[in-house]
Each structure stands twice: as C-alpha cells, then as structure tokens.
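To start, the structure itself, in structure tokens.
The values are calculated or read from the model by the stated rules, or taken from the named source; none is laboratory data. What you are looking at is a predicted structure, and each value in this text was computed from that prediction instead of being measured. Ideal geometry is used to build each Cβ from the backbone, glycine not excepted, and the neighbour counts take in all protein chains shown.
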Ligand SMILES: Nc1ncnc2c1ncn2[C@@H]1O[C@H](COP(=O)(O)OP(=O)(O)OP(=O)(O)O)[C@@H](O)[C@H]1O
Ligand SMILES: [Mg+2]
C-alpha cells in the first residue's frame, strides 16, 4: 500500500529523513515513534505529497508520489485522511462545517453530508457541539474535530500526527479504540507519536534513528572510528606482548628455583 525506497528529505542541507526504506501493507495499523525533530511529520507529509522527496521513491497504492503532477495530487489526497498536528481548523466555520468541507467539495448530497457528519461527530463524542465554533472548544475537543474531519470521507489511508497529544487519558483511549474500528473496516492507518501505543495493535518501531545514522555517514566520525579501533588494537597488542614477556620471565624465574608452574 505504501512503499518507501531509500527516501531522503533535506531542509537547508540538513536531513529531516535519511535513507528511509519500509513498506506498510493494506489494512495495517502502524505506529511511527521517535523524539521531537526525528522526522515523523516529514514522513507523513511525504506520503500525502505536502513535501517532495529529494532522493528515493515513494509509492502509495498505484501512485508514484514523488513524480505526481500538481493537478494529480488532489486525486491522491482523496484517498488519504490527515489528522494534522497543528489542527488547521477553519475558525470562522462551525464544527459541522469544518467536518463537512471535504464532502461538499466532492458534491455529496446535503442529506448524506448531514448524516455522515453527525455520525462521525458522535463517534468522537462531539455531536452536541456540532454547531459551535472551534474557538469555543477546548484543545482536546478541537483535536477531536480534526479527527472527525479526517474520518468523514472514509479514506483508505488515515495519517494521524500526534492524534492523542492533547487528549486526557480516557478520551485518548476512546480515540485509540476508534482507530482500531476504522482499521478493522479496512483502512490503513499510520500514527505518528512520541509515546508508543500498545492496545494489542502491531506497533511498528520505525524509530527514525536518522541522527545516529547521519553521524555514521559523516566522514570525520568514520575517521574517529578508525582511529579508535587502531588505538584499541595497539593497546590489546601491547597487553598481549606484556603478558607473554611476563610468562616467560616467570617460568625462567620459577625454573631457577626448581618450581613447576
Ligand atoms: N519546513 C521546514 N523547514 C525547515 N526545516 C524543517 C521543516 N520542516 C521540518 N524541518 C526540520 O526537519 C526535522 C524533522 O521535523 P519534523 O517536524 O518531521 O519532526 P517530528 O518528528 O515530527 O517532531 P515533533 O515530534 O516535534 O512533531 C526538524 O529538525 C525540523 O526542524
Ligand atoms: Mg511532528
């Protein structure tokens, strides 16, 4: 479903992602974990072509994402729901309108839009706030609107960037259960998070060890490594020689006294 082959992305000559190769099968639920700045958001952005890879190939379903023409990108995105880390809600629209937006763009019948939006808002526990404005909602409630907006068009791929970051423990569990249900209905889900989720789902420890990897690729680190190995071997060699010398002196010394060691 999603295939990264030796993908790298640079910002100002700094690697945000380096040599990433992995695949995610259809219907899998995957966690991408790593510390702040590890490249989790970058990885998601590459999947829905908010960013283009500098090196490597990205396939999403039948799309060669890196080579997509600008006019083709919306077709890719129709299949992908994104829960943004920074929400991106429209503050001059109601909760309902925020959720309904994608369906209206696709010219769905208003009655069906209403049914779908209220259903998905009920799923995230916000049906009673449908006609409120986002600025009147708490951070956690706004986050749930973002989740509802991503789910409403029933995407085959759901990308969630820190989806439970602003939620209390109980709501986080409800949302995690919701992801499980969406996943059980067949959607492929990638969740980027600092904390690794469990709940019996397959946790994919992508771990983005780019920092360590990048350092390894730096020439001066390689030089230091070679020097360290050389010094290590020298110390080992000296130790072995000293031990051999000591053994022969001891046996000379002991044979002088008629001892057998
Ligand atoms: N548009 C950009 N311009 C310049 N640098 C960027 C840009 N986007 C990301 N970066 C850099 O790329 C690296 C990875 O950023 P990214 O947002 O992918 O990390 P993250 O793992 O999502 O972090 P967090 O857990 O804090 O959300 C960071 O060092 C960041 O500063
Ligand atoms: Mg991020």
Scan the range 149-175 and report the pairs whose first residue is modelled with pLDDT under 90 and whose second residue is assigned to a loop (DSSP other than H, G, I, E, B) and within 16 Å of ligand 1 (Cβ to nearest atom), with Cβ atoms within less than 6 Å and a gap of 6+ or a chain change.
172/164; 175/164
Taking the range 146-194, which residues are closer than 15 Å to residue 2 by Cβ and within 16 Å of ligand 1 (Cβ to nearest atom)?
159, 160, 190, 191, 192
Per-region count, the range 107-130, residues in a loop (DSSP other than H, G, I, E, B) and over 25 Å from the mean Cα position of the chain (by Cα):
6
Identify the residue in the range 134-166 that is closer than 21 Å to residue 36 by Cα and surrounded by fewer than 20 Cβ atoms within 10 Å (Cβ to Cβ) and, among all such residues, is nearest to the chain's Cα centre (by Cα).
162
What number of residues within the range 33-47 are at negative phi and touching a residue at least 60 places away in the same chain (Cβ under 8 Å)?
9
Going by the structure shown, is residue 95 away from ligand 2 (no atom under 16 Å from the Cβ), in the same structural domain as residue 143 (by TED's automatic domain parsing), within 14 Å of residue 145 (Cβ to Cβ) and under 29 Å from the mean Cα position of the chain (by Cα)?
yes
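One line per residue, one yes/no per condition, for (1) over 30 Å from residue 176 (Cα atoms); (2) surrounded by 15 or more Cβ atoms within 10 Å (Cβ to Cβ); (3) assigned by TED's automatic domain parsing to the domain that holds residue 183:
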| site | (1), (2), (3) |
| --- | --- |
| 11 | yes, no, yes |
| 22 | no, no, yes |
| 42 | no, yes, yes |
| 57 | yes, yes, yes |
| 63 | no, yes, yes |
| 75 | no, no, yes |
Any idea how many residues of the range 131-154 are within 25 Å of residue 77 (Cα to Cα) and not in a helix (DSSP H, G or I)?
3
One residue is enough: does the range 48-55 have a residue meeting the conditions on the phi > 0 side of the Ramachandran plot and within 16 Å of ligand 1 (Cβ to nearest atom)?
yes
